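Take a look at the structure set out below.
We did not get these values from a lab; they are worked out from the coordinates using the rules stated. Not measured: the values here are computed from a predicted model. When we count neighbours, we look across all protein chains shown, and the Cβ atoms used for this are built from the backbone with ideal geometry, even at glycine.
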């Protein structure tokens, strides 16, 4: 048994065409590719809120303890086309040390450790930069802590570049190790390791 809808060929064709038109109208439009960001160059200002400096030290030869500094700033000069011309200038407020314990933080601010009353800032100023791979440079500079300045060399990676709420932003990250005794911090030599690993990640925007 056949059931007919009573539609002629012209009517059927019209229905099909309407259906195709409706499908096309409902289909999502192809997104235009995002415009590429311009090559990074010039000076950038470090954003303390979106940057991190974390330190790690061995406690009682048993476990690694992690702390951080909450207040930092500085500038980065960068040119994608000429990484060797880059410069890094970082300032850390040593009084912003944060170990998750108020009594320990007070001790860390004392003359036994960071002596923040006499030396309220630690600084790094690059003296040379050379390419060390894709998006990576080897940076040498002067690191000053506790009134002592020593040369430090570390590999720094450009981790990315994007658009923030306040404009264009750029990011860098590095990991390196210092010996605290090199900077006159020798308290509790048997209970605290001499090597301190530093993890630093900086996000910076246009000044």
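Taking the condition buried (at least 17 other Cβ atoms within 10 Å of the Cβ), touching a helix residue (DSSP H, G or I) at 6+ places or on another chain (Cβ under 6 Å) and under 19 Å from residue 58 (Cβ atoms), does residue 129 pass?
No, not satisfied.
When residue 150 is evaluated against the numbered criteria (1) over 14 Å from residue 88 (Cβ atoms); (2) out of contact with any helix residue (DSSP H, G or I) (no Cβ under 8 Å at 6 or more places or on another chain); (3) part of a strand (DSSP E or B); (4) touching a residue at least 12 places away in the same chain (Cβ under 8 Å), which criterion, by number, is the only one it fails?
The number of the failed condition is (2).
Exactly one of these conditions fails for residue 161: (1) farther than 27 Å from residue 95 by Cα; (2) free of Cβ contacts under 8 Å to residues at least 60 places away in the same chain; (3) surrounded by 13 or more Cβ atoms within 10 Å (Cβ to Cβ). Give me its number.
Of (1) farther than 27 Å from residue 95 by Cα; (2) free of Cβ contacts under 8 Å to residues at least 60 places away in the same chain; (3) surrounded by 13 or more Cβ atoms within 10 Å (Cβ to Cβ), only one is false for residue 161: (2).
Collect the residues in region 128-147 that are touching a residue at least 24 places away in the same chain (Cβ under 8 Å) and either assigned to a strand (DSSP E or B) or at negative phi (or both), keeping them in residue-number order.
Matches in region 128-147: 129, 130, 131, 137, 139, 141, 143, 145.
Do we have residue 65 as in contact with a helix residue (DSSP H, G or I) (Cβ under 9 Å, 6 or more places away or on another chain) and either part of a helix (DSSP H, G or I) or within 22 Å of residue 184 (Cβ to Cβ) (or both) here? Reasoning before the result, please.
Numbers: in contact with a helix residue (DSSP H, G or I) (Cβ under 9 Å, 6 or more places away or on another chain): no; either part of a helix (DSSP H, G or I) or within 22 Å of residue 184 (Cβ to Cβ) (or both): yes.
Answer is no for this residue.
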